[in-house]
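J.: Handing you a structure now.
The values are calculated or read from the model by the stated rules, or taken from the named source; none is laboratory data. The shown structure was predicted, so the numbers you read here are calculated from the model rather than taken from an experiment. Because the Cβ atoms are built from the backbone with ideal geometry, glycine has one as well, and the counts that use them run over all protein chains shown. When the accessible area is computed, the model is the full protein with side chains, heavy atoms only, and any ligands, DNA or RNA have been set aside. Shrake-Rupley method; radii C 1.70, N 1.55, O 1.52, S 1.80 Å.
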Amino acid sequence: RRGLSLAVIPGGEAEQMLTRTGVEEVLLARRAGFVKLALSRGAALVPCYAFGTVDLYSVSGSQHGANSQGLLWTLHKRFGVALPRYSGSCGFLPKRGRCDLVFGAPIEAQCATPGEPSESEVAAAHATYIAALKALFEEHKGRLGYGDRELRVA
């Protein structure tokens, strides 16, 4: 309202814990709270994607297993703390690599009753956001060197 913006990263800790090297996946299929928040505040949803982040660390099969079940997953679920196992260039430091952040056009979703979005309005805006995110990924993946990858929405 006063020219300020707020960024929300809907994948959160779970997306950090489930990251696999070379796999472009976002955890959005069942996460619509950010959409409801935007609709209730009259804010635009701006799809964005960061290319290259899944390649900054190596995550082996055993590391992914430890991240997605057992003690580390329990800590994440119970306390909201992400402590994923991975390896970087020197221990926990990321590998050198290029990261490109791309933004799509703002989605100005509306509610019939301002500030009080219905479940169907949230679901429709959520579907529009996911479609726009996929289109954004497809638009830029070839130019940025990820032409062989697909974006998975889980």
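J.: What is the residue count in segment 31-90 for residues that are under 30 Å from Glu121 (Cα atoms) and either open to solvent by 70 Å² or more (accessible area, probe 1.4 Å) or in contact (Cβ under 8 Å) with a residue 60 or more places away in the chain (or both)?
T.: The number of residues fulfilling the criteria is 19.
J.: Which numbered condition trips up Ala105, out of (1) of a type in the set (A, V, I, L, M, F, W, C); (2) open to solvent by 70 Å² or more (accessible area, probe 1.4 Å); (3) within 22 Å of Arg30 (Cα to Cα)?
T.: Of (1) of a type in the set (A, V, I, L, M, F, W, C); (2) open to solvent by 70 Å² or more (accessible area, probe 1.4 Å); (3) within 22 Å of Arg30 (Cα to Cα), only one is false for Ala105: (3).
J.: Give all pairs with beta carbons closer than 8 Å in which a residue from segment 127-154 that is within 21 Å of Arg98 (Cα to Cα) and free of Cβ contacts under 8 Å to residues at least 60 places away in the same chain meets a residue that is of a type in the set (D, E, K, R) and in a helix (DSSP H, G or I); count only pairs at least 6 apart in sequence or on separate chains.
T.: Gly147/Lys141
J.: Please go through segment 14-65 and give me each residue that is aromatic (Phe, Trp, Tyr) and over 20 Å from Pro94 (Cβ atoms), ordered by number. Show your work before the answer.
T.: Step one: filter segment 14-65 for residues aromatic (Phe, Trp, Tyr), giving 34, 49, 51, 57.
Selection gives Phe34 alone.
J.: Right, something else. If I ask for residues that are out of contact with any Leu (no Cβ under 7 Å at 6 or more places or on another chain) and either under 17 Å from Gly12 (Cα atoms) or among the hydroxyl-bearing types (Ser, Thr, Tyr) (or both), which ones from segment 47-66 would you list?
T.: If the condition is that a residue be out of contact with any Leu (no Cβ under 7 Å at 6 or more places or on another chain) and either under 17 Å from Gly12 (Cα atoms) or among the hydroxyl-bearing types (Ser, Thr, Tyr) (or both), then Thr53, Val54, Tyr57, Ser58, Ser60, Ser62, His64 are the ones that fit.
J.: Which of the residues that make up segment 38-80 are in contact with a Cys (Cβ under 8 Å, 6 or more places away or on another chain), in a helix (DSSP H, G or I) and among the aliphatic types (A, V, I, L, M)?
T.: Scanning segment 38-80 gives a single hit, Leu39.
J.: Quick one: is Glu138 under 25 Å from Val59 (Cα atoms), open to solvent by 40 Å² or more (accessible area, probe 1.4 Å), out of contact with any His (no Cβ under 9 Å at 6 or more places or on another chain) and modelled with pLDDT of 95 or more? Can you show your working first?
T.: On the way: under 25 Å from Val59 (Cα atoms): yes; open to solvent by 40 Å² or more (accessible area, probe 1.4 Å): yes; out of contact with any His (no Cβ under 9 Å at 6 or more places or on another chain): yes; modelled with pLDDT of 95 or more: yes.
So Glu138 fits the description; yes.
J.: Could you check how many residues of segment 1-37 are in contact with a Ser or Thr (Cβ under 7 Å, 6 or more places away or on another chain) and either in a helix (DSSP H, G or I) or small (Gly, Ala, Ser) (or both)?
T.: 2
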